[in-house]
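Input: a single structure, listed below in C-alpha cells.
Bear in mind that the values in this text are calculations on the coordinates, not laboratory data. In this text, all values refer to a predicted model and were calculated from it rather than measured experimentally. Cβ: placed from backbone, ideal geometry, glycine included. Neighbour counts: every protein chain shown.
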Amino acid sequence: MKNICAMSGSLRTGSSNHTILRYLSELMPAGINYVIYDGLANIPAFDPGLDNDDPPPPVSDLRDKIAKSDAIVICTPEYAFGVPGALKNALDWTVSSGSLSGKPLALITASTSGQYAHEGMIKTLGALDAQFNDETTLLIPFIRTKIDAEGNINDEIAGKLRDILKALLSSL
C-alpha cells in the first residue's frame, strides 16, 4: 500500500483547492491510500526556538504524516500575490526535519491568477528538496470559471489533473 498525503493551501473547506483534492481522491487506483491533511489551521507560527526534537504536537503530526507518505500533493490558491501564510508557515516547519527531502510531489496552484504563488511554491519546494518537475506541476488561472456550482471540474482541467496524477504515480 502506497500513501499519498494531500494538502490544501486554503483553510476554507469549500474552496476550489479542496474540490480539486477531492476530485483527485476519486481517481486513485487500488493500492493507494490518499488522505487529505486537515490540520493546517492548527499549526502554530514558526518559531525556531521550538523547532527541535519535541516541536508542538500539530507540527509533529504534520511531519509524521509527510514522513509516512510516499508522495505529497499540494493544491494552493494565491493570496495577495503570494503563497498563503498558513501553507508557507507549515512548510517552514519542515525545513529542519527534512521530511520533504526527496519526496515525490505534485504542485497545483489554482487561483484567480496564481502565477506568483506558483513561482514562490516552486522556489520553496526546491529549497526543501521535494522532487517535482514540469509534469507534476500545474497552474490553473481563473479557477472559478473551470468549476461549476456543483463542484464539477471542466473536461480540460480534469484531463490535466489526470495527467499530473499519472506522472506522480509513476514516480512511486
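Here are some notes:
- Under 5 Å from the amide H of T76 lie the amide H atoms of G9, I108, T109, A110, each residue being 5 or more positions distant or on a separate chain, with H modelled from the backbone and absent for Pro and chain starts.
- On full extension, the segment bounded by S96 and D64 gains 10.2 nm, given 0.36 nm per residue less the C-alpha separation.
- Estimated FRET transfer efficiency when R0 is 22 angstrom, pair Q115-R144 (beta carbons, to 0.05): 0.85
- Contact order relative to length of the chain, as percent, for alpha carbon pairs under 8 angstrom and 6 or more apart: 24 percent
- Taking amide H atoms as placed 1.01 Å from N in the peptide plane, the amide H of N3 lies under 5 Å from those of N33, D70, A71, each 5 or more residues away in sequence or on another chain.
- Listed residues P57, P77, P104, most fluctuating in the chain (Gaussian network, C-alpha, under 10 Å): P57
- Top of G120, G82, G49 by mean-square fluctuation, Gaussian network on the chain, Cα under 10 Å: G49
- Here the spin labels are modelled as points 7 Å beyond Cα on the Cα-Cβ line, and at E26 and L11 they lie 2.9 nm apart.
- For the cross-link pairs K103/K166; K88/K160; K68/K146; K65/K103; K88/K123, the ones whose C-alpha atoms lie over 23 Å apart are K88/K160; K68/K146.
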